[in-house]
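Below is one structure, written out as structure tokens; comments come after it.
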Amino acid sequence: MSLLEVRGLGKSYGALRALDAADLDVAAGEFHGLIGPNGSGKSTLLKCIAGAEMPTEGSIRLGTADVTRLPPPERARAGLSLKFQITSVLPQLCVYDNVLLALQAGDSLFDLLLSRSRRRLDEQVKALLSRFRLDGRAQDLAGHLSHGEQQWLEIAMALACRPTLLLLDEPTAGMSPQERRATGELLEPLRGECALLIVEHDLGFIGEICDSLTVLDQGQVVATGPLAEVQASERVAQAYLNHG
Amino acid sequence: MPEELISGPARLAPPARVAARARALLPGIELGLLALALVLPPFLEDFWVLFATRVAILSLLALSFDLVWGYAGIMSFGQALFSGMAGYCTALLATQLGVTSVFVLLGTGALVGLFVALAVAALVILGKRAPSLVFVSLGTLTGSYVVERLARGWSFVGGQNGIPSLPRLTLGRFEIAEGPMFYYLALFVLVLVYVGLRFFTRSQLGLVLAGMRQQEGRIAFFGYRLQHLKGVTFCLAGLIAGISGCLYAFHEGYVGPGQLGPVQSTQVVLYVLFGGVGTLVGAVLGVSLVDLFSYFLSQRFETAWPIVLGVLLLLIVMYRPSGLIGLLVSDRERIGSFGRGGKTGEKPR
């Protein structure tokens, strides 16, 4: 049984059909890539799964739960976590507090008011910062990090919510080749910890990290399956050729 | 980490020495103001003691607005509604039932503020969808306006004249007269509320509010139920405004429709914008300085003083959005750190 099961998902903005009867399956622990030409509906599909957009029709199941109409906080509590395309770290908070904020999200209001969990979560914050090579910058303002470091911080924050499915929207956008390579190295150890659904333009990066792919074109799924199979698909080649 | 991995301007942190000096300022300002407030009254004439009492009471109202806008990002133009309703209810309790106990009346004022805020929150904040800033602003403004009009037309609460000749508050057998005694009562309540708010805003819950203020859309995806958080903060602010309203009514010996309306609410917004949003002490400074300026300007420019004050406020809001406190403390210090005893193994840089 799939961890994520998307069936017949559609999204319209007025007359514009951004997503049309899209199906998607992601198994537990799988690294799944979502690719397609510009405007193919990748980000819309990811946003519908995360709850940033409500689909016009179709259904989304995470494990046994139907999350189609749940607002973002409830989806996060069900195990979905999202790293936004545009970095949205909290620039005026220090790097440490950014991660702590994500980690403590499950605490009750009363526990937060009494600051009960800060000491308990301290080790986990430090471990995440160390894992994403930010331990030396824990007390720097997040807004003072480089673009690449902000992307890593965002991934650390998304991971701090202990998701079963982590959604990454263009995690290497704007990164230098070295940073892109380092990002791949940072994501690889997540295998077995949670499933990953990655939207990315960099097909080389997707090829290195993902087990399977789904290709979208004009809001529709044109191919899905193991990496090699999808790469060999003529429909996929055609979709990319059509967009020059 | 190899330096070549870092793209863009990565090392922008201020020099440690400058940051450390700036960090010590805020507690210094708070303690300095408290010391001044404690020792000043014996050296002041009666007029200035009354003036300082009003400043302490209005500071409570300003703190309530600072909490909702400066910390939770809710633009409320209805703080006067909560304080005014509390003023009216406690005034009725005193005049109709003869209740004068400071504990009963302050407790009642706090509860009225809390429940009125809860009712307003249910209408404008706790809906199915997250409300927009404009919706909340106009909703609270309209509520404030409507209740003021109702009070003006309702003879049971004195209509245009309000409820005059309120009895003095009592503490056991002692009457709390206007002057130093009322001043120290107001100061005691102000310090109590201030310390409580400092605890609240510097807790891990305060961290969530700080996050909400910066990237509201982001932190919902961590699993925080933002509308609940906003509702709780809004009701807490209502409670504080209620205490302020009760003290104000019994200090002035009168409560009137003007204390419920948009004019009073807007004045509170100006106090906080002038002093500095999101710092608590900025709200207190704002009330003190705006009221002092108003007094001295009115002495010098009998008719034109509101224009001079208005221009001054406009200049501050346009050129110093962080308010006067922003001239003294860094942004880093204004935001502060969160969580009691939350040592992270490193000193902030």
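This table checks each residue for (1) hydrophobic (A, V, I, L, M, F, W, C); (2) in contact with a His (Cβ under 7 Å, 6 or more places away or on another chain); (3) closer than 26 Å to residue B:237 by Cβ.
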position	(1), (2), (3)
B:273	yes, no, yes
B:280	yes, no, yes
B:283	yes, no, yes
B:290	yes, no, yes
B:296	yes, no, no
B:301	yes, no, no
B:305	yes, no, no
B:314	yes, no, yes
B:322	no, no, yes
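Name the residue, out of A:30, A:5, A:74, that is farther than 28 Å from residue B:225 by Cα and either within 16 Å of the chain's Cα centre (by Cα) or not aliphatic (A, V, I, L, M) (or both).
A:30
Looking only at residues that are under 16 Å from residue A:110 (Cα atoms) and basic (Lys, Arg) in the stretch B:215-230, which one is farthest from the other protein chains (Cβ to nearest Cβ)?
Across the stretch B:215-230, the extreme among qualifying residues is B:230.
Looking only at the stretch A:30-52, which residues are in contact with an Asp or Glu (Cβ under 6 Å, 6 or more places away or on another chain) and assigned to a strand (DSSP E or B)?
The answer is A:31, and nothing else.
Could you please let me know if residue A:69 is charged (D, E, K, R), in contact with an Asp or Glu (Cβ under 7 Å, 6 or more places away or on another chain), in contact (Cβ under 8 Å) with a residue 12 or more places away in the chain and closer than 16 Å to residue A:8 by Cα?
The answer is no for residue A:69.
Select, from B:288, B:298, B:330, the only residue that is within 14 Å of chain A (Cβ to nearest Cβ) and in contact with a helix residue (DSSP H, G or I) (Cβ under 7 Å, 6 or more places away or on another chain).
Numbers: B:288 fails: within 14 Å of chain A (Cβ to nearest Cβ); B:298 fails: within 14 Å of chain A (Cβ to nearest Cβ).
Unique residue meeting the criteria: B:330.
Which one of B:202, B:213, B:225 is of a type in the set (Lys, Arg) and either touching a Cys at 6+ places or on another chain (Cβ under 8 Å) or without any contact (Cβ under 8 Å) to a residue 40 or more places away in the chain (or both)?
One residue alone meets the criteria, B:225.
Any idea which residue in the stretch A:53-68 is surrounded by the most Cβ atoms within 10 Å (Cβ to Cβ), counting only those that are more than 11 Å from chain B (Cβ to nearest Cβ) and not in a strand (DSSP E or B)?
A:55
What single numbered condition from (1) in a helix (DSSP H, G or I); (2) among the basic types (Lys, Arg); (3) at pLDDT below 90 fails to hold for residue A:77?
It is condition (3) that residue A:77 fails.
Are any residues in the stretch A:136-153 buried (at least 22 other Cβ atoms within 10 Å of the Cβ), at the interface with another protein chain (Cβ under 9 Å from one of its Cβ atoms) and within 25 Å of residue B:233 (Cβ to Cβ), and if so, which ones?
A:141
With respect to residue B:171, determine if the residue is at pLDDT below 95, out of contact with any strand residue (DSSP E or B) (no Cβ under 6 Å at 6 or more places or on another chain) and closer than 18 Å to residue B:247 by Cα.
When the stated conditions are applied, residue B:171 passes them.
Residue by residue through the stretch A:77-90, note down the ones that are in contact (Cβ under 8 Å) with a residue 24 or more places away in the chain and either surrounded by fewer than 24 Cβ atoms within 10 Å (Cβ to Cβ) or within 20 Å of residue B:213 (Cα to Cα) (or both).
A:77, A:79, A:82, A:83, A:84, A:85, A:87, A:88, A:89, A:90, listed by residue number.
Is there any pair linking a residue in the stretch A:175-198 that is farther than 22 Å from residue A:50 by Cα to one that is outside any helix (DSSP H, G or I) and small (Gly, Ala, Ser), with Cβ under 7 Å and at least six apart or on different chains, and which?
Qualifying pairs under 7 Å: A:176/B:7; A:179/B:7.
Anything in the stretch A:81-135 that is at the interface with chain B (Cβ under 9 Å from one of its Cβ atoms), part of a loop (DSSP other than H, G, I, E, B), of a type in the set (Ser, Thr, Tyr) and within 24 Å of residue B:331 (Cα to Cα)? List them, or say none.
A:88, A:115
When the stretch A:167-182 is examined, which residues are found to be touching an Asp or Glu at 6+ places or on another chain (Cβ under 7 Å) and at the interface with chain B (Cβ under 9 Å from one of its Cβ atoms)?
A:178
Here are some residues: B:42, B:27, B:2. Which one is loosely packed, with under 13 Cβ neighbours inside 10 Å, closer than 21 Å to residue B:322 by Cα and either within 14 Å of chain A (Cβ to nearest Cβ) or at pLDDT below 90 (or both)? Lay out the reasoning, then the answer.
Numbers: B:42 fails: closer than 21 Å to residue B:322 by Cα; B:2 fails: closer than 21 Å to residue B:322 by Cα.
Within the list B:42, B:27, B:2, the selection yields B:27.
One line per residue, one yes/no per condition, for (1) within 21 Å of the chain's Cα centre (by Cα); (2) at pLDDT 95 or above; (3) over 23 Å from residue B:270 (Cβ atoms); (4) buried (at least 19 other Cβ atoms within 10 Å of the Cβ):
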{"residue": "B:71", "(1), (2), (3), (4)": "yes, no, no, yes"}
{"residue": "B:77", "(1), (2), (3), (4)": "yes, no, no, yes"}
{"residue": "B:93", "(1), (2), (3), (4)": "no, yes, yes, yes"}
{"residue": "B:110", "(1), (2), (3), (4)": "yes, yes, yes, yes"}
{"residue": "B:115", "(1), (2), (3), (4)": "yes, yes, yes, no"}
{"residue": "B:143", "(1), (2), (3), (4)": "yes, no, no, yes"}
{"residue": "B:156", "(1), (2), (3), (4)": "no, no, yes, no"}
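List the helices (runs of 4 or more DSSP H) that sit entirely inside the stretch B:177-219 and contain at least 3 residues that are within 16 Å of the chain's Cα centre (by Cα).
Hits in the stretch B:177-219: B:180-201.
Taking residue B:170 and the conditions (1) β-branched (Val, Ile, Thr); (2) surrounded by 20 or more Cβ atoms within 10 Å (Cβ to Cβ); (3) out of contact with any Leu (no Cβ under 7 Å at 6 or more places or on another chain), which numbered condition does it fall short on, given that it satisfies the others?
(2)
In the stretch A:156-168, is there at least one residue being touching a residue at least 40 places away in the same chain (Cβ under 8 Å) and farther than 22 Å from residue A:77 by Cα?
No, the conditions are met nowhere in the stretch A:156-168.
Filter the stretch B:91-140 for residues that are outside any helix (DSSP H, G or I) and small (Gly, Ala, Ser) and give the result.
Within the stretch B:91-140, B:98, B:101, B:127, B:130, B:132 meet the criteria.
Every residue in the stretch B:196-208 that is within 22 Å of residue B:331 (Cβ to Cβ) and more than 10 Å from chain A (Cβ to nearest Cβ), please.
Residues satisfying the conditions are B:197, B:198, B:201.
Which of the residues that make up the stretch A:161-171 are crowded, with 24+ Cβ neighbours inside 10 Å and outside any strand (DSSP E or B)?
If the condition is that a residue be crowded, with 24+ Cβ neighbours inside 10 Å and outside any strand (DSSP E or B), then A:171 is the only one that fits.
Quick one: is residue A:211 of a type in the set (D, E, K, R) and away from chain B (no Cβ under 14 Å)?
Numbers: of a type in the set (D, E, K, R): yes; away from chain B (no Cβ under 14 Å): yes.
When the stated conditions are applied, residue A:211 passes them.
The values are calculated or read from the model by the stated rules, or taken from the named source; none is laboratory data. Bear in mind the structure is a predicted one, so any value in this text is a computation, not a measurement. So basically every Cβ, Gly included, is an ideal-geometry build from the backbone, and we count neighbours across all protein chains shown.
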